[in-house]
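Visitor: Have a look at the structure that comes next, please.
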Amino acid sequence: MTLACYRKDYANFAETCFQKFGDRVKFWITMNEPYTVAVQGYDFGRQAPGHCSLLPSPLFCKIGNSAIEPYIVAHNFIRSHAAAADIYRKRYKGIQGGSIGTILNALWFVPATNTERDIVATQRAKDFMIGWFLDPFVFGDYPSSMKSRVGIRLPKFSQAESAIVKGSLDFVGINHFTTYYVKDDSMNITKRILKDALTDTGAVFLPFNGTHFIGEMTNSLWVFIAPEGIRSLMNYIRLKYGNLPIFITESGLPDLSTRLIPVRHAYFYLNDLQRIRYHSSYLPSLLASIKDGCNVKGYFVWALLDNWEWDNGYSARTGLYYVDYTDNLKRYPKKSAVWYKNFLKPTVEGAVKEDRKGQSVWDTFSHTHGKIVDFSNDDIGVDQYHRFKVCYDWSGNSATEPYIVGHNILRSHATVADIYRKKYKDIQGGSIGTILSAPWLVSATNTEKDIVATQRAKDFMIGWFLDPLIFGDYPSSMKSRVGNRLPKFSQAEAALVKGSLDFLGISHFTSLYVKDNSAKITKILLNDAMTDHGAIFLPFNGTHIIGEIVEGAVKEDGKGQSVWDTFSHTPGKILDFSNDDIGVDQYHRFKEDIQLMKDLRTNAYRFSISWPRIFPNGSGEINDAGVDHYNEFINALVAEERTMEILPRHAFRNSGIGSGNSATEPYIVGHNILRSHATVADIYRKKYKNIQGGSIGTILATPWFVPATNAEKDIVATQRAKDFMLGWFLDPLIFGDYPCSMKSRVGSRLPKFSQAEAALLKGSLDFVGINHFTTYYVKDDSINITKRILKDALTDNGALFLSTTKSLLSNPFISAFNGTNFIGEITSSTWLYIVPEGIRSLMNYIKQKYGNIPIIITENGMSDVSTPFISIKYAYAYLNDVQRIRYHSSYLSSLLASIKDGCNVKGYFTWSLLDCWGWETGYSSRTGLYYVDYTDNLKRYPKKSAVWYKNFLKPTN
């Protein structure tokens, strides 16, 4: 298909959607994340259609040009959107009354340092991610930084194209997840290596600036919790692009997982406190951006359901609802679903017509059509200000009435308090007070204007009422800013109000940053009392999901093949070897999923219409069955009063810098470690053992290995893996020489022991310490693929650990997945799976092969991916470490079974007592039974596992 035909066919597809569904659909989205499609699909080759030229090898991509194709693809996305938007506006918008936009994925970027070059590089990063698309849509052309750096590889818009592209958005959807530091790549090191579109930025994205991580680490290595980023991003769009209406179309975090965990073993995923922490911090930051004047219209959680996540397959879980892939795709609410439901839930007294209660102003207002966003009323409970819809046709004066009402509330309280104190207090012995709602407010920066603005915000929130009740008058900041709109207390009223509290009730829920609104943008727009201190409310909420990753039914009802249907069936393209054939079966289960939305009280849903389900061949004859399905889906949403947004969807290895020899040095080092141990052991035994009565040994780290299949070659490869991990050291220490498999495969690169050295080594252990954490499958690497690429010691046994992020070190030959089953329950550390039977097998292997030498388990435990910047008050997810308890209780039971088998196990050490600095991971993982607060003088706090372990060790009668 030519590019011109693509645009024409896409316009035809979009117009068909307008015709068939536009009478009910009011929000149309033409493209979802064109940046991701361009970069991941045509630069990296990780996503469909898998084009790239980064490393010209069949192992990566067979076709593509990473330096050119991404720009061509993006250019045609922009022109296709403009064509569809032009059709909609000319033919349908006036009749149907809808809006059309597109969705861009946008990280936020912060300079790694305050140097000019990092600041300039940061702006360049914004230009290449956000400006690449938003500049043409708003200004009609690409950013100047892109034109100067990309040169002739960047396509140009004709004058006519520029005119149709410019202004073609009614709104923009933003998928935002995290923030990164940016460092200038002035030497173009990555450009010289990769020669692709992404490195045209001349900027490197980093989560760490040399001093601090950008935010709290999650178990998805690319997402850091940095809520201030979403506020900064909204303000950037407001200031640069004319305050374009914005929908947050995706915001959330994934948990690395596996589809093979049934719900009964899914506590770690169901108890998703970090997801709650993510949304509870990002939503206030988004609200702060609205108070800044940003034109934010709605917020969609990423995502309603766990689903099939593009190139990650089922290896990431993003939903508020857990999908049990082992049990007919049943849905279960996670803790975040309960939290989000409560976040959206109205809360008032209710019973408005019971026990002779009269009508309040809210009883009347909530029954006025159109005043409440979800069309409910306060008969049961609606008084939650996030759900209140500002209605401009309501009679009143927003600039004066709030102050009059507040003034009368204060005078009413003082009157009632005076009556109580004079007539009833002495007799009844009670107290009288009032309740104020008060977030805590923190200056966004250390600048004087933000500090002053923060105090002003406190005056307008707390001081508005507490100053009169304590001091007898309003705060001076209110009097000066509100002027004659603020009522005055008479001398007698001031005397009555002052001191009229016996106590104060505080309703406190959260904290917010405050930034000075010197431009008074929100004030200019709204001219109301609330903007006297810069506050407006979030008017919209919702959930969303992309059709391809949930819909499934790829071969049903006449659907054609999409590029992702093909791509997901290409071996090696999807991390967990799955495909999109089923997704989470929303094609058949959409009614059930709508009930989940209803239960959550969300009022909006975004989904996509599959192009090949409407046009199986891309163009030509319409598939009526596909149209019927989406009509049924839309009608079901309409019946439940759900707003829709519809997407007609288109379908570390060192490079050689520095000294070293990876093929020889590891063996030399290992050889000298063994000889050193033997020398020391000989000294100890000859000079000290009889006197001191001690023992000497060494500690070896080893997982357990299991053949991926019952094929003989995998069984042999598994033994080889054991030889290269455990036998490399234990064979010389027990038998005096290396394993035969090592000698035959490594050859002359493997040093030899002299006869005297062998004699000294053999039997030089009194015991062996074993650090054991997990188990892996092993598959034979008969064609030596990894060896040909890396040519190092580790690949001599065909053994590398599978990374859950597709790095160059990812390897299918030692992994946690055998093509049918994962080896065990995943943890937040992607290399560690809970496989308790592995420790029993390992103990028996040592017993049988090495003469039942005494064994001490010197490390056994699991790590939680974390960050040093989480203080104890935000550490609930880490303190409530139920998965660590499950790990130890299962491994200890298995270890006990090995002792009953006759294994000579002498002791067990948990990994570890305290959270600590973890070698190359630094403070980014937590392994302890005790939580260390790195923000507060390294104070220790017991986790739930510490309490469990204490009880486990407690003597029983």
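Visitor: So what's the gap between the Cα centers of the stretch 420-440 and the stretch 296-318, to the nearest angstrom?
Guide: 49 Å
Visitor: Here is a follow-up. Taking Cα centroids, how far is the stretch 748-765 from the stretch 657-699 in Å?
Guide: What the calculation gives is 11 Å, centre to centre.
Visitor: Right, something else. Measure off, as a whole percent, the carbon and sulfur share of the 1.4 Å-probe accessible area of the stretch 868-921, all protein chains present.
Guide: 67 percent
Visitor: Within the stretch 101-144, which residues have the backbone N less than 15 Å from the label spot 7 Å out from Ser162 along Cα→beta-carbon, could you tell me?
Guide: 135-144, by backbone N distance to the label point.
Visitor: Further question: Could you grab the relative contact order for the stretch 181-306? Cα pairs under 8 Å, six or more apart, rounded to a whole percent.
Guide: Reported relative contact order: 28 percent.
Visitor: Rolling a 1.4 angstrom probe over the protein heavy atoms, how many square angstrom per residue are accessible across the stretch 440-506?
Guide: Averaged over the residues of the stretch 440-506, the accessible area is 54 Å².
Visitor: Show me the three semi-axes of the equivalent ellipsoid for the stretch 400-507, from the C-alpha gyration tensor (sqrt of 5 times each eigenvalue), largest first, rounded to whole Å.
Guide: Semi-axes from the Cα gyration tensor: 29, 17, 10 Å.
Visitor: Which whole-number percent is the relative contact order of the stretch 400-507 (Cα, under 8 Å, 6+ apart)?
Guide: 41 percent
Visitor: Same structure again: Once you have the alpha carbon radius of gyration of the stretch 230-304, what is it after dividing by 2.2 N^0.38 Å, with N set to its residue count?
Guide: So the Cα radius of gyration is 1.41 times the expected 2.2 N^0.38 Å.
Visitor: Applying a 10 Å radius around every beta-carbon, put 322-331, 497-506 in order of their mean neighbour count, most first.
Guide: 322-331, 497-506
Visitor: Compute the distribution of all C-alpha to C-alpha distances in the stretch 835-892, in bins of 10 Å from 0, and list the percent of pairs in each, rounded to whole numbers.
Guide: 18, 36, 24, 15, 6, 0
Visitor: Once both labels are modelled 7 Å past Cα along the beta-carbon direction, what's the Lys26-Lys591 spacing in nm?
Guide: 2.7 nm
Visitor: While we're looking at this one, here's another question. Apply 1/(1 + (r/R0)^6) to the Cβ-Cβ distance of Thr211 and Val120, taking R0 = 22 Å, and write down the FRET efficiency to the nearest 0.05.
Guide: Efficiency, from the Cβ-Cβ distance: 0.60.
Visitor: Another question, if that's okay. Give the calculated FRET efficiency between Leu504 and Ser695 to the nearest 0.05, with a Förster radius of 51 Å applied to their Cβ-Cβ distance.
Guide: 0.15
Visitor: Hey, another quick one. Return the subset of Lys147/Lys449; Lys906/Lys943; Lys297/Lys591 for which the Cα-Cα distance in this structure is over 31 Å, preserving the input order.
Guide: Lys147/Lys449
Visitor: Taking 7 Å along the Cα-to-C-beta vector as the label spot, tell me the Asn408-Ala625 distance in nanometres, rounded to one decimal.
Guide: The two pseudo-label positions are separated by 6.5 nm.
Visitor: With a 1.4 Å probe and every protein chain kept in, tell me what percent of the accessible surface of the stretch 400-507 is carbon plus sulfur.
Guide: Heavy-atom surface of the stretch 400-507 belonging to carbon and sulfur, 1.4 Å probe: 58 percent.
Visitor: In whole percent, how big is the carbon plus sulfur part of the accessible area of the stretch 116-170, probe 1.4 Å, protein atoms only?
Guide: 55 percent
Visitor: Given R₀ = 25 Å, FRET efficiency for Gln719-Asn852 by Cβ-Cβ distance, to 0.05?
Guide: Efficiency at R0 = 25 Å is approximately 0.80.
Visitor: Shape of the stretch 3-214 from its Cα gyration tensor (a ≥ b ≥ c, root eigenvalues): rounded if a/c is under 1.5, otherwise prolate when a/b > b/c, or oblate?
Guide: Because a/c hits 1.5 or more and a/b exceeds b/c, the stretch 3-214 counts as prolate.
The values are calculated or read from the model by the stated rules, or taken from the named source; none is laboratory data. Small disclaimer: the values here were computed from a predicted structure and weren't measured. Using ideal geometry, Cβ is built from the backbone for each residue, glycine included, and neighbour counts are taken over all protein chains shown. To get the accessible areas, we keep the full protein, side chains included, count just its heavy atoms, and leave off ligands, DNA and RNA. Shrake-Rupley method; radii C 1.70, N 1.55, O 1.52, S 1.80 Å.
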